[in-house]
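The values are calculated or read from the model by the stated rules, or taken from the named source; none is laboratory data. All figures in this text were calculated on a predicted structure; none of them were measured in a lab. All Cβ positions, glycine included, derive from the backbone under ideal geometry; neighbour counts span all protein chains shown. Please note that ligands, DNA and RNA were not included when accessible areas were found on the heavy atoms of the full protein model with its side chains. Shrake-Rupley method; radii C 1.70, N 1.55, O 1.52, S 1.80 Å.
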Amino acid sequence: MQYTISKDSKIAVLCGGMSSEREISLRSGKNCLAALERLGYKNAQIVDVSENVMNDLKGFEFAYNTLHGKYGEDGCIQGVLEILKIPYTGCGVMASAICMNKEYTKKVMATAGLPLIKSVYLYPNENPVEKVSELKYPLMIKPVSEGSSFGMNKVNNEAELVEAVNEARKYNAHVLIEEYLVGIAATVGVLEKDGKAFATEILELRPKNEWYDYEAKYTKGMTEFILPAELSPEMTKQVKEYAVKAFEVCGCSGVSRVDFHIVGEVPYILEVNTNPGMTDTSDLPAQAAAGGIDYDNLVEMVLKSAGLNK
C-alpha cells in the first residue's frame with residue numbers, strides 16, 4: 001500500500017536506541033532530520049528510542065528508522081510499529097530479523113545460488129578448534145548478529161581463535177567463522193523506486209588497516225573510497241545483479257546495502273544491511289550521490305518507501 005506523506009505529516013526520526021551502535025545511530029538520525037527539515041517537512045522530530053518507545057510514538061503518523069543494531073534493525077522496532085500501525089521506512093519484520101543474523105542470511109542466499117565464503121556456525125558451548133577443522137587459516141570471527149565490526153577479529157592460529165571467539169561471545173552467544181580471503185572489499189546500495197529495486201553505484205573500500213574494521217569505517221582518512229569501484233564492466237554488472245537478487249530473496253524493502261568480497265572472478269556476498277548508516281562517512285549516501293541522488297533526495301526516496309505489512 002502506498003501512503004501519502006505530506007510536508008505537514010508528523011514524522012518520528014527513530015535513532016539512538018539501546019544497541020552498541022547507539023552513537024552511530026544518533027549521527028544518522030540527526031543528519032536525516034536536518035535533510036527532512038531542508039525538504040520542508042515541518043513536523044519531523046527526533047525520537048531517541050528507549051523502553052518507553054510506545055508512549056513516545058503517540059501522535060506520530062510515520063516513522064523514519066535510523067536505528068542500527070539490536071532492537072532497531074532486527075525486527076523488534078518493526079514489530080512495535082506494526083502493532084501501532086505507524087508506517088515505517090526500511091525493511092519489515094521478517095527481512096530485518098533474517099538479515100540481522102549473518103548465518104540465517106547466508107542460508108537464505110544459498111537457496112538462490114548466490115556465492116558465499118566457506119564458513120561454520122558456532123553454537124554456545126561448542127569447541128571452536130574442533131568446529132573449524134575443515135576451514136583454512138586465517139579466519140574471520142564475527143558475532144552473528146552485530147554490526148559496525150564490533151567483536152570481529154582476524155585470527156591466524158588456534159590460540160588466537162579461542163581468544164577471538166571469547167571476545168565475539170561478549171556480543172552474541174552464536175558466532176560465525178569464515179575463511180579470510182584476500183580480495184576487493186566492495187559494497188552496493190539497493191533502493192526502490194515505484195516498487196522496483198535497483199542497485200546504486202558500487203563503492204570499493206581500501207582500508208588503511210588490514211581489513212574494514214570499526215576504526216576504518218568511522219574515522220575519516222582511514223579508508224580510501226573508490227567510487228565507482230574499479231571493476232570490469234562484467235564484474236560491475238554481476239555485483240549489481242547479485243545485490244538486487246540478495247535484496248529480493250531476503251524479502252527486503254525500501255533500502256538496504258549489500259557487502260561483497262571479490263576474490264578473482266567471484267563476488268562473494270558477506271551480508272545484507274537492512275538499515276544502512278546515514279552519517280557523514282557512511283557508504284550509502286556516497287553511493288547514491290555517485291548515481292545523481294543527493295543526500296536530501298535519498299532521504300526523501302527512503303521516506304516515500306514507508307509502509308506496513310512488508
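FRET efficiency for the A289 to E51 pair, using the beta carbon distance and R₀ = 41 Å, is estimated at 0.65.
Since only T279, V263, M301 are under comparison, the one whose Cα sits farthest along the positive direction of the charge dipole of the stretch 248-310, derived from C-beta charges on Lys, Arg, Asp and Glu, is M301.
Residues whose amide H comes within less than 5 Å of that of I46, counting only those at least five positions distant or on another chain, are V13 (H built at 1.01 Å from N in the peptide plane). The charge dipole of the chain, taken about its Cα centre with unit charges on the Cβ of Lys, Arg, Asp and Glu (plus for the first two, minus for the last two), comes to roughly 700 debye.
What percentage of all Cα-Cα pairs in the stretch 90-199 are separated by more than 21 Å? If you can, show how the numbers build up before the last one.
Details: 2461 of 5995 pairs.
I get 41 percent for the Cα pairs in the stretch 90-199 exceeding 21 Å.
Name the residues of the stretch 112-137 whose amide N is less than 15 Å from a point 7 angstrom out from the Cα of N157 along the C-beta direction? From the stretch 112-137, the list is 137.
Per-peptide packing, taken as the mean over residues of other Cβ atoms within 10 Å, places 11-18, 231-238 in the sequence 11-18, 231-238 from highest down.
Once you sort the root eigenvalues of the Cα gyration tensor of the stretch 1-104 as a ≥ b ≥ c, which label holds: rounded (a/c under 1.5), prolate (a/b larger than b/c) or oblate (the other case)? Verdict is prolate for the stretch 1-104. Residue order by solvent-accessible surface for K154, K58, K304, K310 is K58, K304, K310, K154, largest first, with ligands and nucleic acids left out and a 1.4 Å probe. Between G59, G29, G277, which gets the highest mean-square fluctuation from a Gaussian network model of the chain, Cα cutoff 10 Å? Comparing G59, G29, G277 in a Gaussian network model of the chain, the most mobile one is G59.
Straightening the chain between E23 and E210 buys 64.9 nm, computed as 0.36 nm per residue apart minus the Cα-Cα spacing. Here the Karplus curve 6.51 cos²θ - 1.76 cosθ + 1.60, taken at θ = phi - 60°, turns the phi angles of the stretch 37-45 into couplings of 5, 5, 6, x, 7, 6, 10, 8, 8 Hz, with x standing for Gly and Pro. Projection of the Cα convex hull of the stretch 145-212, averaged over all directions and equal to a quarter of that hull's surface, yields 6.4 nm².
Over the stretch 159-301, accessible surface divided per residue gives 44 Å², non-protein components excluded, 1.4 Å probe.
Helix-only mean residue ellipticity at 222 nm, the chain, DSSP H runs n ≥ 4 weighted -39,500 (n - 2.57), per residue, nearest 500. What is it? Value at 222 nm, helices only: -9500 deg cm²/dmol.
Taking all protein chains together and rolling a 1.4 Å probe, E215 ends up with roughly 90 Å² accessible. Remind me, relative contact order of the chain in percent, using alpha carbon pairs under 8 angstrom and six or more residues apart? Relative CO of the chain lands at 22 percent. Working note: Karplus 6.51/-1.76/1.60 with θ = phi - 60° gives the stretch 69-74 the couplings x, 4, 6, x, 10, 10 Hz, where Gly and Pro are set to x.
Note on the chain: with a GNM built from Cα contacts shorter than 10 Å, the maximum mean-square fluctuation among V93, V120, V255 falls on V120. Close Lys pairs in the stretch 143-278 (alpha-carbon distance under 26 Å; sequence gap of 8 or more, or different chains): 18.
For the chain, the alpha-carbon coordinates run over 58, 44, 38 Å along the three principal axes, in decreasing order. Note on V263 and E167: with the Förster distance fixed at 22 Å, the Cβ-Cβ geometry gives a FRET efficiency of about 0.30. When only Cα pairs under 8 Å and 6 or more residues apart are kept, what is the percent relative contact order across the stretch 146-254? Relative contact order of the stretch 146-254: 22 percent. For R38, the solvent-accessible surface with a 1.4 Å probe is about 150 Å², rounded to the nearest 10.
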